[in-house]
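First the structure, in the form of structure tokens, and then the observations on it.
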DNA sequence: GAGTCAACAGACTAGGCGGTCTGTTTAAGT
DNA sequence: ACTTAAACAGACCGCCTAGTCTGTTGACTC
């Protein structure tokens, strides 16, 4: 049981760092000092292995870092700002940052593996749904302007976050983060509830 | 000479659709009905082949679709809006859209191949520089608010574009595009030159 | 018409890949 | 003590991959 978890943890590490297709089962087993027998005792195939990683590790990771932090009753724009800030700060401090795990896998498997894409898209949908409902709640509570299209805002936010994580893998990630955050705040200012013009 | 171009064109097609590591030299040669001898007569290696594709095809593609359209003297916010709109419209009409080519390769090679990453980042930098200068020119010409940080805007724009192209590979790309564009316009409104309050 | 060389063809190799299969160990049950 | 089976170990297989190497073709020269 502990072995299964170790396999999945190092599996995700290596898949994230080197990509799924570029990481062999032997690579993972070598790092764990385990054998082929151990792997295929616990998992049916490499694909089955990865699907379980998605459900057990990736889904929880996305939830704890991107969904749970925006579930409060405060201003959703503030919550999202802090959530993105923290997520990006983790990336900045991680010397081996390869971008957003979810977005990387979406890119790698798009058009190549329908089964895996299905599970990945499920996570994306959960994130989207939670973002939208957080925004709608914020609109109801008077934090957002009445005319704001919450679904559109969610799409825009997800896009920009996926994208900035790609850019942050390049030069000066902390500068990229700072610039991104200033413009996010600028954007948020434009959709927040307008004070009643007296 | 014509063979080299055919190789590069189909090479980019397949690399884009299936990924670099997931596309074998034989795959490309099979589609072209050519032999190993032909390939290694024209190119030193698979990596050399790809670097040439980047410089000959990818760089031009990015230039013609993302840089050249924003080089005019009009309002840069309008130019960028139309540029993104058109680029995304092409993606919507492409039944086999796998996202932004540049962003996909950035994701695939990040941390895996320094040589290729160098050439990819060169293209990113060119795009960034041109975006910034277009915005600065727009600021000088009174289209943008005086307090706008052009570098930050460029980072934000590149992020959001990379990201939305990923989302658009999922469900209802045209809806994603529409929502994205509404929020882009919203954001642009917040950084455009403010009319003098009388 | 003999020589030359660019532009290929295709057999070949060494290594890596996912996956299989036959063991072996170890601990618990009876 | 004997059985049973979970949890592995590791040799093995067929296939694929980047890259090599020895040819062959056909146009062009002199």
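The values are calculated or read from the model by the stated rules, or taken from the named source; none is laboratory data. This structure is a prediction, so every number in the text was calculated from the model and none was measured. Using ideal geometry, Cβ is built from the backbone for each residue, glycine included, and neighbour counts are taken over all protein chains shown.
Looking for whichever is in a helix (DSSP H, G or I) and assigned by TED's automatic domain parsing to the domain that holds residue A:117 here; the options are A:29, A:102. Which one fits?
Working: A:29 fails: assigned by TED's automatic domain parsing to the domain that holds residue A:117.
Result: A:102 is the single residue among A:29, A:102 that is in a helix (DSSP H, G or I) and assigned by TED's automatic domain parsing to the domain that holds residue A:117.
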Name the residue that is surrounded by the fewest Cβ atoms within 10 Å (Cβ to Cβ), counting only residues in the range A:2-17 that are more than 8 Å from DNA strand D (Cβ to nearest atom) and either modelled with pLDDT under 95 or more than 13 Å from chain B (Cβ to nearest Cβ) (or both).
A:5
May I ask you to list the residues in the range A:149-194 that are more than 7 Å from every other protein chain (Cβ to nearest Cβ), part of a helix (DSSP H, G or I) and touching a helix residue (DSSP H, G or I) at 6+ places or on another chain (Cβ under 7 Å)?
A:150, A:154, A:157, A:165, A:173, A:174, A:177, A:181, A:184, A:185, A:188
Please name all residue pairs, on different chains or six or more residues apart, with Cβ atoms under 8 Å, provided the first residue is in the range B:41-52 and is within 14 Å of chain A (Cβ to nearest Cβ) and the second residue is within 14 Å of DNA strand C (Cβ to nearest atom).
B:46/B:25
Would you check which residues across the range A:18-34 are near DNA strand C (Cβ under 8 Å from one of its atoms) and either within 14 Å of chain B (Cβ to nearest Cβ) or surrounded by 15 or more Cβ atoms within 10 Å (Cβ to Cβ) (or both) and list them?
A:21, A:22, A:23, A:24, A:25, A:27
Considering (1) under 22 Å from residue B:85 (Cβ atoms); (2) part of a loop (DSSP other than H, G, I, E, B), say which one residue B:137 fails and leave the rest.
(2)
In a helix (DSSP H, G or I), assigned by TED's automatic domain parsing to the domain that holds residue A:130, within 16 Å of DNA strand D (Cβ to nearest atom) and over 17 Å from residue A:126 (Cβ atoms) - does that describe any residue in the range A:52-68?
yes
Could you tell me which of the residues A:72, A:37 is within 13 Å of DNA strand C (Cβ to nearest atom) and exposed (fewer than 15 other Cβ atoms within 10 Å of the Cβ)?
A:37
